[in-house]
């Protein structure tokens, strides 16, 4: 806490992804840890520190469901639910690959992912790995579908 307080002089944003997993699996992320983060954000960094959480539920619900009572989780005044990207955004994300994908693969990824960011990322990763490995078959598609299977419920939500 002292290191950050003394050395943070410009605006900084800390992104915390899959925070629920950390709360459940890492006992060292106890209430004292979260209270220090809150104190840093609200008192010790002269307004130069912010946090963005990525989680499947609100920060307050997440804390309650994992047995945490730190006030860190109630400093978040704005939440946003992310849905599908526009087609242009999804294509831009896919095009950011260091190796260009054939157009038929781009179309397949768009269709299978329904342009949901997580699914786009997983399917694009599988295609990139196959290209990096010099594979010329379509096995990456089967692997990609297996990788997104745990997130099939997201596709159901988008249809509603």
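Bear in mind that the values in this text are calculations on the coordinates, not laboratory data. From a predicted model like this one, the values you see are computed outputs, not experimental measurements. Note that each Cβ is placed from the backbone with ideal geometry, even for glycine, and that neighbours are counted across all protein chains shown.
One compactness figure for the stretch 87-159 is 1.03, namely its Cα radius of gyration divided by 2.2 N^0.38 Å. Each peptide in 106-119, 54-67 receives the mean, over its residues, of other Cβ atoms within 10 Å, and ordering these scores from highest gives 106-119, 54-67. Computed extension gain for residue 100 through residue 86, at 0.36 nm per residue and net of the alpha carbon distance, reaches 3.1 nm. For the peptides 23-33, 84-94, the ranking by mean Cβ contacts within 10 Å, running from highest to lowest, is 84-94, 23-33.
Between residue 25 and residue 52, the distance separating the two model label sites (each 7 Å from Cα on the Cα→Cβ line) works out to 2.3 nm.
Using the average count of surrounding beta-carbon atoms within 10 Å as a protection proxy, the listed peptides 36-45, 1-10 rank, highest first, as 36-45, 1-10. Placing a label point 7 Å from the Cα of residue 5 along the Cα-to-Cβ direction, the residues of the stretch 48-83 whose backbone N falls under 18 Å of that point are 48-50, 71-72.
The convex hull built on the alpha-carbon positions of the chain has an orientation-averaged projected area of 12.1 nm². If you find the alpha carbon centre of the stretch 38-66 and of the stretch 91-160, how far apart are they in angstrom? First find each Cα centre; the distance between them is then 31 Å.
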